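Input: a single structure, listed below in structure tokens.
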Amino acid sequence: MARKNYAPKKESATDNPFAALSGLGDLPPGPDPSQEDATDSGADAGAVYPDALRVLLDRKQRRGKTATIVTGFQGSDEALQELGKQLKVTCGVGGSAKDGEIIIQGDQRERVVAWLRTNGYPNTKKSGG
């Protein structure tokens with residue numbers, strides 16, 4: 001088979017979407033790169049955001065019983081225990097808090113997500129199905 005010879009297209013004024021902007025000569029100058037604000041670059045570095053908690057439903061290694069698991073907590077073990085205690089009281093069920101996650105007995109995802117969002121964890125989301 002013979003190769004096709006593709007010649008590059010010549011751009012006309014109608015092919016260039018920015019051609020109409022060339023007539024605008026009185027535009028203000030752009031930002032001066034030499035006066036870049038040092039505090040502006042990496043402004044989010046070091047900022048403290050609430051934990052991005054994930055609430056999921058699990059049945060593994062629980063003899064078929066469902067459990068609501070809250071993962072993603074970044075804090076001390078004491079704070080994890082206190083949050084777990086508050087969630088257990090709110091849901092009226094048992095559970096535990098260890099290894100950086102909180103386990104609540106039963107399918108309590110809706111209650112847990114609602115409570116966490118109203119009590120200082122706005123980045124809480126349901127994970128999984």
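The orientation-averaged projected area of the convex hull spanned by the Cα atoms of the range 54-126 comes to 4.4 nm². Here the range 89-116 is scanned for amide nitrogen atoms under 20 Å from the site 7 Å beyond the Cα of LEU57 along Cα-to-Cβ, giving 90-96, 102-116. Approximating the spin labels as points 7 Å out from Cα along Cα→Cβ, the THR66-to-VAL93 distance works out to 0.8 nm. Ordered by the number of other Cβ atoms lying within 10 Å of each residue's own Cβ, fewest first, ARG62, ARG117, ARG54, ARG3 fall into the sequence ARG3, ARG62, ARG117, ARG54.
The Cα center of the range 51-74 and the Cα center of the range 79-129 differ in position by 9 Å. Considering only GLY120, GLY75, GLY64, and ranking their Cα positions along the charge dipole of the range 54-126 that arises from unit charges at the beta-carbon of Lys, Arg, Asp and Glu, the one farthest toward the positive end is GLY64.
A short reminder: the numbers here are calculations on the coordinates, not readings from a lab. Please read these numbers as outputs of a predicted model, since none were measured by experiment. Cβ sites come from the backbone with ideal geometry, for glycine too, and all protein chains shown count toward neighbours.
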